[in-house]
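The values are calculated or read from the model by the stated rules, or taken from the named source; none is laboratory data. Please read these numbers as outputs of a predicted model, since none were measured by experiment. Here Cβ is always computed from backbone atoms with ideal geometry, including for glycine, and neighbour counts include all displayed protein chains. We work out accessible area using only protein heavy atoms, side chains counted, and drop any ligands, DNA or RNA first. Shrake-Rupley method; radii C 1.70, N 1.55, O 1.52, S 1.80 Å.
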Amino acid sequence: MTAFVFNVTFDCADPRTLSAFWTAVTGYEPTEVRDDFVHLLFFKVPEPKTVKNRMHVDLATRDVEAEIARLVALGASEIDRRDGNGTRWVVMNDPEGNEFCIG
């Protein structure tokens with residue numbers, strides 16, 4: 001038997017707020033909500049984010065500019081526009097500064 005990805009977990013200051021953002025982004029609904037944890041998964045940690053994520057989420061959409069506008073309205077911020085290896089993407093931050101990309 002091989003291993004499989006069970007969860008991708010975000011450490012954050014406010015699990016409820018960050019899970020609301022990602023629920024609006026993806027349409028995925030939390031299965032459990034507590035003050036210290038929301039099962040999408042967002043775990044409350046005491047320290048703030050201080051450096052670039054070593055792992056991040058890549059999103060895809062058919063209308064990149066419209067989706068960027070929607071994500072910014074939800075609380076994301078655009079960081080950079082990049083291209084390479086025959087593709088283009090936009091680097092963004094969620095409301096707590098976690099990097100993600102969309103292309």
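Tabulated data
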{"item": "Test: residue in segment 38-46 that is out of contact with any helix residue (DSSP H, G or I) (no Cβ under 7 Å at 6 or more places or on another chain), on the phi < 0 side of the Ramachandran plot and among the basic types (Lys, Arg)", "result": "no"}
{"item": "Residues of segment 83-103 satisfying the condition of being farther than 21 Å from Thr17 by Cβ and touching a residue at least 12 places away in the same chain (Cβ under 8 Å)", "result": "Thr87, Arg88, Trp89, Val90, Val91, Cys101, Gly103"}
{"item": "Residue check, Lys44 touching a residue at least 12 places away in the same chain (Cβ under 8 Å), in contact with a strand residue (DSSP E or B) (Cβ under 7 Å, 6 or more places away or on another chain) and loosely packed, with under 11 Cβ neighbours inside 10 Å", "result": "no"}
{"item": "Matching entry among Thr61, Thr17, Thr26 (being out of contact with any Ser or Thr (no Cβ under 6 Å at 6 or more places or on another chain), in contact (Cβ under 8 Å) with a residue 40 or more places away in the chain, of a type in the set (S, T, N, Q) and closer than 15 Å to Gly103 by Cα)", "result": "Thr61"}
{"item": "Matching residues, segment 58-74, being under 19 Å from Thr17 (Cα atoms) and open to solvent by 40 Å² or more (accessible area, probe 1.4 Å)", "result": "Arg70, Val72, Ala73, Leu74"}
{"item": "Members of segment 36-66 found to be closer than 14 Å to Asn93 by Cα and modelled with pLDDT of 90 or more, listed by number", "result": "Val57, Asp58, Leu59"}
{"item": "Only one of Asn7, Asn85, Asn98 that is of a type in the set (S, T, N, Q) and open to solvent by 90 Å² or more (accessible area, probe 1.4 Å)", "result": "Asn85"}
